[in-house]
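What follows is a set of notes on a single structure, which appears directly below.
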Amino acid sequence: MPARGCGRRCVYCDQRAITRDAGGDGELTPDSVRAFLSRYSEPVELCFFGGSFARLERGLFTRFLDAIKSAPPGSSVTFSSYPGDFEGEYGEETAEILKKYPIGTIELGIPTLDPDALASCGRGDDPDAAVRVVEFLRDAGFHLGVQVMIGLPGQTDESSTRDVKRLASLMGGGMRCDFRLYPCLVLKGTELEAMFLRGEYRPLALEDAVRTSGMLLSEAESSGFDAIRVGLLESPSLKESVTAGPYHPAFGELALSEKLALELSHENPSGPWRIERRLISRMTGHGRRGIKRLAELTGMTVREVESKLSTSALIKCS
Ligand code: SF4
């Protein structure tokens, strides 16, 4: 639902480029969703992404929610929204409506809580208001997700780490929250592209973005978040739209390999390391990036790292 319900213009945003190949043509209707859902016999998770779902005109909002009644029992609705959609009386009314439906997750776009970065992005959000919304929805019993970004204008690694810690502190009590992490890309036709072309914005280099992502993922997972996505969904329309920035079709895998290398080096700086077999590709994929990075972090040679790393079977050196 590219940009539907959203009247803002964040400098980096082009939801059409991001969602077009995922069927986000903006023509979705409650009837088309119903027809789609009636094909299923097993429970589904119906997801509305790309705009500000809770800001849709009320009648349309409830008709989209009603569509879940056409899905098999046990199905749920997940959607993304702008935190401001849940402020004040309007937000309370929205939460009351949502309580009547099987809501899976409410994902809040909180790219950062750094006021300077928010202002540079043209969002004009009040970070404290976003925090209050998280608390309000948490206390109302909804399962939450946060969509966080790195590499925004005016953002630093330190402020990103502070964001994750602050958001994590809102969970507590063993409560877990979904976590999506997106590196900021310069997309064609956006204000950010104009800023980039004027030399006012310098995007993160790919390697820097991978390292920051790995560090934040590790921080987030140990603080009560479940990382469910890193990097935008790869698609031809996204690829075509990227002017600059840390774009890589397998960005998430690179970030996960960085996370694993970081964790192994912290847990045991001199090895040996034994990892689950399912994780081995994070060390050996993409030109053995994880192994090379672990060597860099521990001051060993690649061969030494390979000799100290095992799953249930030893890894063969190439
Ligand atoms: S609030 Fe979300 S959908 Fe709206 S312009 Fe900003 S990033 Fe795009």
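Of the residues Phe179, Phe136, which is surrounded by fewer than 22 Cβ atoms within 10 Å (Cβ to Cβ) and not aliphatic (A, V, I, L, M)?
Phe136
Which count do you get for residues in segment 189-201 that are exposed (fewer than 13 other Cβ atoms within 10 Å of the Cβ), part of a loop (DSSP other than H, G, I, E, B) and of a type outside the set (Asp, Glu)?
3
Mind checking which residues of segment 36-57 are more than 16 Å from the ligand (Cβ to nearest atom) and of a type in the set (Ser, Thr, Tyr)?
Ser38, Tyr40, Ser41
So is Glu89 without any contact (Cβ under 8 Å) to a residue 24 or more places away in the chain and under 26 Å from Ala71 (Cα atoms) or not?
no
Can you find a residue that is under 20 Å from the mean Cα position of the chain (by Cα), in a loop (DSSP other than H, G, I, E, B) and not β-branched (Val, Ile, Thr) anywhere in segment 211-227?
Yes: segment 211-227 contains one or more residues that are under 20 Å from the mean Cα position of the chain (by Cα), in a loop (DSSP other than H, G, I, E, B) and not β-branched (Val, Ile, Thr).
Can you say whether Asp139 is of a type outside the set (Gly, Ala, Ser) and farther than 25 Å from Glu45 by Cα, as far as the supplied structure shows?
Against the criterion (of a type outside the set (Gly, Ala, Ser) and farther than 25 Å from Glu45 by Cα), Asp139 does not qualify.
Collect the residues in segment 233-254 that are in contact (Cβ under 8 Å) with a residue 24 or more places away in the chain and either of a type in the set (Phe, Trp, Tyr) or in contact with a strand residue (DSSP E or B) (Cβ under 6 Å, 6 or more places away or on another chain) (or both), keeping them in residue-number order.
Across segment 233-254, the qualifying residues are Ser241, Thr243, Ala244, Gly245, Pro246, Tyr247, Phe251.
Conditions tested, residue by residue: (1) touching a helix residue (DSSP H, G or I) at 6+ places or on another chain (Cβ under 9 Å); (2) surrounded by fewer than 22 Cβ atoms within 10 Å (Cβ to Cβ); (3) modelled with pLDDT under 85.
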{"position": "Arg4", "(1), (2), (3)": "yes, yes, yes"}
{"position": "Arg9", "(1), (2), (3)": "yes, yes, yes"}
{"position": "Cys13", "(1), (2), (3)": "yes, no, no"}
{"position": "Asp25", "(1), (2), (3)": "yes, yes, yes"}
{"position": "Asp31", "(1), (2), (3)": "yes, yes, no"}
{"position": "Ser38", "(1), (2), (3)": "yes, yes, no"}
{"position": "Gly59", "(1), (2), (3)": "no, yes, no"}
{"position": "Arg63", "(1), (2), (3)": "yes, yes, no"}
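Counting only residues that are closer than 14 Å to Glu219 by Cα and among the hydroxyl-bearing types (Ser, Thr, Tyr), which one in segment 127-178 is modelled with the lowest pLDDT?
Ser169
Restricting to segment 58-95, and then to whatever is among the charged types (D, E, K, R) and within 16 Å of the ligand (Cβ to nearest atom), can you tell me which residue is farthest from Leu28 (Cα to Cα)?
The qualifying residue farthest from Leu28 (Cα to Cα) is Glu87.
Surrounded by fewer than 19 Cβ atoms within 10 Å (Cβ to Cβ) and either at pLDDT 95 or above or closer than 15 Å to Ser218 by Cα (or both): is that true of Leu260 in this structure?
So Leu260 fails the test.
The values are calculated or read from the model by the stated rules, or taken from the named source; none is laboratory data. No experiment lies behind these values; they were computed from the predicted model shown. Cβ atoms come from the backbone with ideal geometry, glycine included; neighbour counts cover every protein chain shown.
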